[in-house]
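Enquirer: Supplied in structure tokens, the structure appears directly below.
The values are calculated or read from the model by the stated rules, or taken from the named source; none is laboratory data. Bear in mind the structure is a predicted one, so any value in this text is a computation, not a measurement. Here Cβ is always computed from backbone atoms with ideal geometry, including for glycine, and neighbour counts include all displayed protein chains. Protein only, heavy atoms only, side chains kept; ligands, DNA and RNA dropped before computing areas. Shrake-Rupley method; radii C 1.70, N 1.55, O 1.52, S 1.80 Å.
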Amino acid sequence: MPTKTAQTPIDEICNRLWLAIAERKLRPGARLKEEDLSAVFSVSRARVRQALARLEVSGLVTLMPNRGAVVAEPSIEEARDIFFARRTIEDRLVERVCTNVTPEAMARLRAHLEEERAAHERDDTSAIIQLSGGFHLLIAELAGSRYLGDVLRELISRTSLIIAMYQSRAAPDCGPQEHEEIIRMIEAGDIDGTKRAMAKHLAHIENALDLKHDKPRQSELKDILARDG
Ligand SMILES: [Zn+2]
């Protein structure tokens, strides 16, 4: 555990903002005022700006000249590209995991699945969101590819934003049942079966989104109603 500092660390600010977006508490297009964030996190505005800059790099926030920061509003095309990237990367990751299945790896996957089930049982939205993304990151870790793991971490954050924007019902992005199917295939050492199970799982998430129609942008309505912009 890092020692506590007087100011909330940037990692924690970024993580809490990401979670608020994934939990739909902060909607795409919502203004992120520096002074409000500075008060909420008890940090300087300089630190808020650093956190927002980092979130912009990972595609969660858009910084607009003279307007400050807003929660990003990814386009349908970007949403499709992100799922394309996830399919490609995760196909490679499960292949790597299957070629080196150890009892320790299986124990970690099963322990993770139990945590996911427990979070669903107590209906803990924050835990469900973090653990469902965490399952995919655990596979990246077990695959031993630091680089693909880093890329995937960013894609998972962006997936949460896309789900918040394009999925009409408030459902978490993954379910323990499909994760369990993936784990069963890994345990059997079935590379093709694992790839199919992962592809089906990602297609299921993508198909639950309404990517046919652009959503009316929230900020447009605000722009129309707010005369001082
Ligand atoms: Zn999943």
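Enquirer: Please work out the ratio of the alpha-carbon Rg of the chain to 2.2 N^0.38 Å and round it to two decimals. Intermediate values should be presented prior to the final figure.
Expert: Details: Rg = 18.9 Å, N = 229, 2.2 N^0.38 = 17.3 Å.
Dividing the Cα Rg of the chain by 2.2 N^0.38 Å gives 1.09.
Enquirer: Also, quick follow-up: Angle, helix 176-187 long axis vs. longest principal axis of the chain, Cα atoms, 0 to 90°, nearest 10?
Expert: 40
Enquirer: May I ask you to derive the FRET efficiency for Lys212 and Arg87 from their Cβ-Cβ distance with R0 = 22 Å, giving the value to the nearest 0.05? Walk me through the numbers on the way to the answer.
Expert: Numbers: r = 19 Å, r/R0 = 0.88.
Given R0 = 22 Å and the Cβ-Cβ separation, E is 0.70.
Enquirer: Against the longest principal axis of the chain, how steep is helix 125-143, in degrees 0 to 90 to the nearest 10, with axes from Cα atoms?
Expert: That helix lies at roughly 50 degrees to the long axis.
Enquirer: Using a 1.4 Å probe on the protein heavy atoms, what percent of the accessible area of the chain belongs to carbon and sulfur? Please list the in-between numbers first.
Expert: Values: 6470 of 12650 Å².
Carbon plus sulfur share of accessible area: 51 percent.
Enquirer: For the residue pair Ala39 and Val101, what label-to-label distance in nm results when each label sits 7 Å from Cα along the Cα-to-beta-carbon direction?
Expert: Simple spin-label model gives 5.5 nm for this pair.
Enquirer: While we're on this one: What are the ³J(HN,Hα) couplings of region 23-31, residue after residue, when phi is run through the Karplus curve with 6.51, -1.76, 1.60 and θ = phi - 60°? Round to Hz, x for glycine and proline.
Expert: 7, 6, 7, 10, 8, x, x, 5, 6
Enquirer: Could you work out the relative contact order of the chain? I mean the mean sequence separation of Cα pairs under 8 Å and 6+ apart, divided by the number of residues, in percent.
Expert: Details: 249 pairs, mean separation 57.5, N = 229.
The value is 25 percent.
Enquirer: I would also like to ask the following. For the chain, what does -39500 (n - 2.57) per DSSP helix run (n ≥ 4), summed and divided by total residues, give at 222 nm, in deg cm²/dmol to the nearest 500? Don't skip to the answer; put the middle values down first.
Expert: Details: 10 runs with 152 residues, N = 229.
Helices in the chain give a 222 nm mean residue ellipticity of -22000 deg cm²/dmol.
Enquirer: Which value, in Å² and to the nearest 10, is the accessible area of Asp81 when all protein chains are kept and the probe is 1.4 Å?
Expert: Near enough 90 Å² of accessible area.
Enquirer: Continuing with this model, one more query. Which value, in Å to one decimal place, does the Kirkwood hydrodynamic radius take for region 10-73 when every pair of different Cα atoms is included?
Expert: On the way: mean 1/r = 0.0875 Å⁻¹.
It works out to 11.4 Å.
Enquirer: Does anyone have the angle between helix 76-98 and the longest principal axis of the chain? Alpha-carbon axes, 0 to 90°, nearest 10?
Expert: For helix 76-98, the angle is close to 30 degrees.
Enquirer: Per residue of region 189-198, in order, report the coupling 6.51 cos²θ - 1.76 cosθ + 1.60 (Karplus, θ = phi - 60°) as ³J(HN,Hα) in whole Hz, putting x for Gly and Pro.
Expert: x, 8, 4, 5, x, 5, 4, 5, 5, 5
Enquirer: From Cα pairs below 8 angstrom and at least 6 apart in sequence, can you work out the relative contact order of region 76-207, rounded to a whole percent?
Expert: 40
Enquirer: Counting only pairs 8 or more residues apart or on different chains, how many lysine pairs in the chain have their Cα atoms under 18 Å apart? If you can, show how the numbers build up before the last one.
Expert: Values: Lys25/Lys33; Lys25/Lys215; Lys25/Lys222; Lys33/Lys222.
Here the count comes out as 4.
Enquirer: Using label points projected 7 Å from each Cα along Cα→Cβ, tell me how many nm separate Ala118 and Arg67, to one decimal.
Expert: 4.4
Enquirer: Also: Over region 75-209, with the other protein chains present, what is the accessible area per residue in square angstrom, probe 1.4 angstrom? Please report the intermediate quantities before stating the final value.
Expert: Details: 6540 Å² over 135 residues.
With all protein chains present, region 75-209 gives 48 Å² per residue.
Enquirer: Roughly how many whole Å is it from the C-alpha centroid of region 8-34 to that of region 58-83?
Expert: Here the answer is 13 Å between Cα centres.
Enquirer: Using Cα pairs under 8 angstrom and six or more residues apart, how large is the relative contact order of region 1-134, in percent? All intermediate terms of the calculation are to be shown ahead of the outcome.
Expert: Values: 92 pairs, mean separation 29.7, N = 134.
The normalised contact order for region 1-134 reaches 22 percent.
Enquirer: For the peptides 134-140, 60-66, what is the packing order when you average, over each peptide's residues, the other Cβ atoms within 10 Å and list the highest mean first? Present the calculation step by step, with values, prior to reporting the outcome.
Expert: Details: 134-140: 21.9, 60-66: 14.7.
Final packing ranking: 134-140, 60-66.
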